[in-house]
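Okay, so here's the structure we're looking at.
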Amino acid sequence: MKIAVLGVGTVGSGVFNVIQENQAKIQEILGEPLTITYALDRRQAEDLDVDTTHVTVTDNIEEIYNSDVDVVVETMGGLHPAGDFIATLLSKGKHVVTANKDLLANRIDELVAIANEHNTLLLYEASVGGGIPLLNAVETGLAANQITSLTGILNGTSNYILSKMDFDHWSYEQALQEAQVAGFAEADPTNDVEGYDVQFKIAVLSRLAFGLSIDADQIQVSGISNINSRDVEIGNDMGLTVKLIAKGDWLGEDRVSIQVAPMMLTQASPLANVHYAQNGAVIQGNAVGQTALFGPGAGSMETASAIVSDVMQIAKRRYRPKNFTTTRQARMQIDERPLNYYVRFKREASKQTAEILEALGLSKDQIKIKKSGVALVLDMALELRRELEANDQLAAIYQIEGEL
Ligand code: HSE
């Protein structure tokens, strides 16, 4: 099967390398080799960091539109021009594999409709959780379930920063710089640290898991840039780990609650030991109960593993192309179930911690004072959480994930 690769950067070169390294096994499974015959890149063939012996390198997408390739791998990233390239390719009978979460979160329903109309496939395993086969697990392995919740660490950069701050006492800035050097941060790391990258990923994952179209703009998002290292340290002493968490909950029929926020994990959470650039997700299904997947959320060969596996699926499914589609739009709601929280008050109010909390109507049993100004609050209703957030003496509040 003939392939074109759009963008020979970190992930695009991984695609070349995985195919080259595992060609014998691929051929054994498919009965044919995978051959990259075109690459789209502004650079000349000799400037690319891969073997381009039998590859036509061009900066003109028309050449690829008009070529005889069966599958196009899009590893350019960004909304433009990647989105229009993909739409045109699908309509010209080319199957597409993409890692582009920004684009999918914005245009997946439209692109899938184009693909279905033209009997082409659009696969995107690499867009969420890098090399972890998360989308396949949800779409295929857990298809018999009503998925009731998803909880994930889906951004390697922010997880790396938090782990470095926590274990190695690095500053936020130093850790971010290292993540950029290591190559897993986005070109502009704002999306990584402000939670937008996770917002795109949980939108794509929730669509498959809950079978509903998701408006990514309705997801509540907060990132890690405002985390105070004091809370990381205090949490640590209490056995709680701060992580940037994506949470999707099915609330019945077409109702879902989706949020991205830093939360504190207890050691009982399967995600508490997912550190550095690793990603992980815990999926709750009504038949299977709880399942979890962990692994590399970014990286060249790691992400290419998911891409080339998608290309191999296309080789098997291309004669009966059918993409996952949704028929209903999700109604986004706020999950109002009571939750456990870590709260910290400003120094001047620390002596009144219990009084402030009791004044909200919380009972003594719900309040566990841990140290001056810091408490765990159990089963707090959303309404009270909102009141507490409005209190000008509050310094920090984190939802707690995992049994205490
Ligand atoms: N910047 C992303 C991350 C890359 O750090 O997880 C993979 O999507």
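Only one of the numbered conditions (1) within 20 Å of the chain's Cα centre (by Cα); (2) in a helix (DSSP H, G or I); (3) surrounded by fewer than 18 Cβ atoms within 10 Å (Cβ to Cβ) is not met by Glu302, and that is (3). Scanning for something under 12 Å from the mean Cα position of the chain (by Cα), away from the ligand (no atom under 12 Å from the Cβ) and either buried (at least 18 other Cβ atoms within 10 Å of the Cβ) or free of Cβ contacts under 8 Å to residues at least 24 places away in the same chain (or both), does region 138-158 turn up at least one residue? Yes. For Lys94, the requirement of being among the basic types (Lys, Arg), buried (at least 16 other Cβ atoms within 10 Å of the Cβ), within 16 Å of the ligand (Cβ to nearest atom) and within 22 Å of Gly9 (Cβ to Cβ) is not met. Scanning region 216-234 for residues that are acidic (Asp, Glu) and either in contact with a Ser or Thr (Cβ under 7 Å, 6 or more places away or on another chain) or crowded, with 20+ Cβ neighbours inside 10 Å (or both) returns a single hit, Asp231.
Number of residues in region 247-276 that are assigned to a strand (DSSP E or B) and either of a type in the set (Gly, Ala, Ser) or open to solvent by 10 Å² or more (accessible area, probe 1.4 Å) (or both) equals 11. With the requirement that a residue be crowded, with 20+ Cβ neighbours inside 10 Å and either touching a His at 6+ places or on another chain (Cβ under 6 Å) or outside any loop (DSSP other than H, G, I, E, B) (or both), what does region 235-246 give you? Passing the criteria: Gly235, Thr241, Val242, Lys243, Leu244, Ile245, Ala246.
Of the strands (runs of 3 or more DSSP E) lying entirely inside region 24-84, the ones with 3 or more residues being over 24 Å from Glu186 (Cα atoms) and open to solvent by less than 50 Å² (accessible area, probe 1.4 Å) are found at 35-40. The residue of region 372-404 that is surrounded by the fewest Cβ atoms within 10 Å (Cβ to Cβ), among those that are among the small types (Gly, Ala, Ser) and in a loop (DSSP other than H, G, I, E, B), is Ala390.
A search for C-beta distances below 9 Å between a residue of region 183-209 that is open to solvent by 30 Å² or more (accessible area, probe 1.4 Å) and more than 10 Å from the ligand (Cβ to nearest atom) and any residue that is of a type in the set (S, T, N, Q) and not in a helix (DSSP H, G or I), counting only pairs 6+ apart in sequence or on different chains, returns Thr190/Ser225; Glu194/Ser222; Glu194/Ser225.
Confirm whether Gln313 is assigned by TED's automatic domain parsing to the domain that holds Leu34 and not hydroxyl-bearing (Ser, Thr, Tyr). Spelling it out, Gln313 is indeed assigned by TED's automatic domain parsing to the domain that holds Leu34 and not hydroxyl-bearing (Ser, Thr, Tyr).
Could you list, in sequence order, the residues of region 164-182 that are within 16 Å of the ligand (Cβ to nearest atom) and free of Cβ contacts under 8 Å to residues at least 24 places away in the same chain?
Ala175, Leu176, Gln177, Glu178, Gln180, Val181
Residues of region 364-371 include none that is open to solvent by less than 70 Å² (accessible area, probe 1.4 Å) and either of a type in the set (Asp, Glu) or over 19 Å from Glu401 (Cα atoms) (or both). Looking only at region 210-221, decide whether some residue is more than 14 Å from the ligand (Cβ to nearest atom), within 23 Å of Tyr342 (Cα to Cα) and in a loop (DSSP other than H, G, I, E, B). For region 210-221, residues more than 14 Å from the ligand (Cβ to nearest atom), within 23 Å of Tyr342 (Cα to Cα) and in a loop (DSSP other than H, G, I, E, B): present.
The values are calculated or read from the model by the stated rules, or taken from the named source; none is laboratory data. Computed from a predicted model, the values in this text were never measured in an experiment. Quick reminder, even Gly has a Cβ in these numbers, built from the backbone with ideal geometry, and neighbours come from all protein chains shown. Note: accessible area is taken over every heavy atom of the protein model, side chains too, but ligands, DNA and RNA are not part of it. Shrake-Rupley method; radii C 1.70, N 1.55, O 1.52, S 1.80 Å.
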